[in-house]
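A short reminder: the numbers here are calculations on the coordinates, not readings from a lab. Every value quoted in this text rests on a predicted model; they were computed, and no experiment measured them. Methodologically, a virtual Cβ is constructed for each residue, glycine included, from the backbone with ideal geometry; neighbour enumeration extends over all protein chains shown.
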């Protein structure tokens, strides 16, 4: 029994064992939105023990029962996975056209062993799964937390790195050019918590920032501060995907929409009944959007979708109150409330605690135009 218990312990690493942080470059996002953030894994190379594998905290299954509902609620489980290192790197180069670079970490022999023991324990079937949080608990931030747990106070990050950017600004930086409409949807869905400054630790929810954070970090060995990164290796390299610059951004498209609706509203040739049906559809859409945001606020566990000021323009009262469009005694007070609070929103646009996309301004003004004509009638 004693001999058997020794066999259950994690393998002892050799003196030549090295851990590295591998960063996968952002993808083109043509197939999947999650590619645009990049990816990161831990790599262990121990030639004497014939170990060359990587540990990935960013795996999930589209076949998960209730995938969409769990994703929207913020309860989608992610898992740790273990791969052959060379197959992993080759996959990203050949299948997704993405580069891979590695930073060799300056860990002591005991820290390497502790890290390996932690990973092996975490890889047990009962321990692999974790509750994913995009900002706080993902493939990059998990690695940050694990290394801080293993190295304790000896690992020190720069306190001024990325100190002035918010989570929302980092999302916008990566997603605005590659997926402008999806980015607009994300910017609308997240609330005031996303406008919090990430500081040095929080910014590491993005793989590129984790690599930059490791570059500037120091580790204390024998009371001496040393660079946390010993060396850098470019494992594979592919040309960065070219992003076509289209002129039809969300702001441009929605501004054109505002202009068209304004012209039609003032036109004497357009029958009022057609614009009436447009009002049912448009205000109904704003109301449904408002209830969707309220659902993300109160019924999910994302941690960043609450306190969302977008419910000011995506106005829940419009649905179902829009069915009373022909009853001016009922609908006009709703219209006046919408006008007042959204005028306040526009006037204080730059001072409110939440950054709202500028593409929403023509959406609000379109509502103003139609409210004007409904009240005027």
Prolate/oblate/rounded call for segment 303-377, Cα gyration tensor, a/c under 1.5 rounded: prolate
Cα shape, segment 250-376, gyration tensor, a/c 1.5 rule: prolate
Taking the C-alpha atoms of segment 192-303, convex hull volume expressed per residue in Å³: 206
Segment residue 276-residue 341, length gained on full extension (0.36 nm per residue, minus Cα span): 21.0 nm
Residue-span extension gain [residue 90 to residue 110] - 0.36 nm each, minus C-alpha spacing: 4.1 nm
Residue order, fewest to most surrounding Cβ atoms within 10 angstrom, among 41, 334, 220: 220, 334, 41
Kirkwood Rh (inverse of mean 1/r, distinct Cα pairs), the chain, angstrom: 23.9
Inter-centroid distance (Cα atoms) of segment 15-54 relative to segment 252-297, Å: 47
Which of 214, 319, 62 has the fewest Cβ neighbours within 10 Å, and the rest in rising order: 62, 319, 214
Percent RCO, i.e. relative contact order, over the chain, from Cα pairs under 8 Å lying at least 6 residues apart: 18
Residue 369/residue 306 FRET efficiency (R0 35 Å; Cβ-Cβ; nearest 0.05): 0.65
Most fluctuating residue given options 347, 304, 363, as computed from a GNM of the chain linking Cα atoms under 10 Å: 347
Difference of contour (0.36 nm per residue) and Cα-Cα distance, residue 236 to residue 253: 2.2 nm
Estimated FRET transfer efficiency (residue 327, residue 264; beta-carbon r; R0 22 Å; 0.05): 0.40
GNM flexibility winner over the chain from 154, 267, 99 (Cα, springs under 10 Å): 267
Neighbour-count order for 329, 232, fewest beta carbons within 10 angstrom listed first: 329, 232
Helical contribution to [θ] at 222 nm, DSSP H n ≥ 4, -39,500 (n - 2.57), averaged over the chain, rounded to 500: -14000 deg cm²/dmol
For segment 79-143: rounded, prolate or oblate by the Cα gyration tensor [a/c cutoff 1.5]: oblate
